[in-house]
Amino acid sequence: MIGVIGVIILMSESLFGGGEPGKGLIEGLLPMGYALLACVGYALGANITKNYLYEVSPVAITAGSLIIGSIIMLPVAFNEFPYGKDISIKAWVSVICIGVFSTAIALIFMNQLIKNIGPTRATSITLVIPIFAIILGYLLLGEALNIQAIIGSIVILIGTYLSLELSIKKMLKPKDKTQTNSI
């Protein structure tokens, strides 16, 4: 819950239109609603994966979910495609890279993580995605880094730390060497 509060802090500027004239509360709530819907989707998907797809490989789960998602988004793609306009090779390569690296490979890892550590701990890791977006936006695109982003990121990290039940003492504690392997 603390991590979600951090995400809200990060998005709070867009709540009121990001300071742009003519944008108000409704335009700010729409992206936040989509983000909340994504959180619900992560939670549902993780629990379905853990409870019903445990024997299915992470690659098969990912392929199935991406095919279903693509079919659902097909009408939007046909409606929003910029017909009659030139699309650069750079744009196509960017779309392919996002699809392969940021989506497909990441989902394979996530599905494996769900199987290894459970849905709650696995989905907690998704809270750090906005932090990486802020860092990469700052480093690669020259976007501004404001106090909201820093405070929101700190709150997200604290929430993720707590939800993963991490402990500095546990990490520093030596492993129990009393157990021996039988030959």
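The values are calculated or read from the model by the stated rules, or taken from the named source; none is laboratory data. Just so it is clear, the structure is predicted and the values come from calculations on it, not from any experiment. We place every Cβ from the backbone using ideal geometry, glycine too, and count neighbours over all the protein chains shown. Surface accessibility is based on the protein's heavy atoms, side chains included, excluding ligands, DNA and RNA. Shrake-Rupley method; radii C 1.70, N 1.55, O 1.52, S 1.80 Å.
Just a few scattered comments:
- The helices (runs of 4 or more DSSP H) falling completely within segment 69-135 that include 3 or more residues that are in contact with a Ser or Thr (Cβ under 6 Å, 6 or more places away or on another chain) map to 106-117.
- Among the conditions (1) more than 18 Å from the chain's Cα centre (by Cα); (2) open to solvent by 60 Å² or more (accessible area, probe 1.4 Å); (3) within 24 Å of Leu127 (Cα to Cα), Ser94 misses just one, which is (2).
- Candidates Gly6, Gly64 - the one that is at pLDDT 90 or above and either open to solvent by 90 Å² or more (accessible area, probe 1.4 Å) or assigned to a helix (DSSP H, G or I) (or both): Gly64
- Close pairs (8 angstrom Cβ cut-off, 6 or more residues apart or separate chains): part of a helix (DSSP H, G or I) in segment 30-46, among the small types (Gly, Ala, Ser) and open to solvent by less than 50 Å² (accessible area, probe 1.4 Å) anywhere: Pro31/Ser14; Met32/Ser14; Ala46/Ala122
- When we screen Ala122, Ala106 for residues that are of a type outside the set (D, E, K, R) and in contact with a helix residue (DSSP H, G or I) (Cβ under 7 Å, 6 or more places away or on another chain), the only hit is Ala122.
- Hits in segment 97-111 - residues which are open to solvent by less than 90 Å² (accessible area, probe 1.4 Å) and under 22 Å from Arg121 (Cα atoms): Ser102, Thr103, Ala104, Ile105, Ala106, Leu107, Ile108, Met110, Asn111
- Residue pairs whose Cβ atoms lie under 9 Å apart, sitting 6 or more positions apart in sequence or on different chains, and linking a residue in segment 61-72 that is within 15 Å of Tyr42 (Cα to Cα) to a partner that is open to solvent by 60 Å² or more (accessible area, probe 1.4 Å), are Thr62/Ile105.
- Residue match in segment 74-88 (condition: more than 24 Å from Pro130 (Cα to Cα), open to solvent by less than 90 Å² (accessible area, probe 1.4 Å) and of a type in the set (Val, Ile, Thr)): yes
- Residue match in segment 11-18 (condition: open to solvent by 50 Å² or more (accessible area, probe 1.4 Å), farther than 19 Å from Ser124 by Cα, at pLDDT below 85 and not in a helix (DSSP H, G or I)): yes
- Boolean, Ile151 is modelled with pLDDT of 85 or more, farther than 30 Å from Gly64 by Cβ, of a type outside the set (Lys, Arg) and part of a helix (DSSP H, G or I): yes
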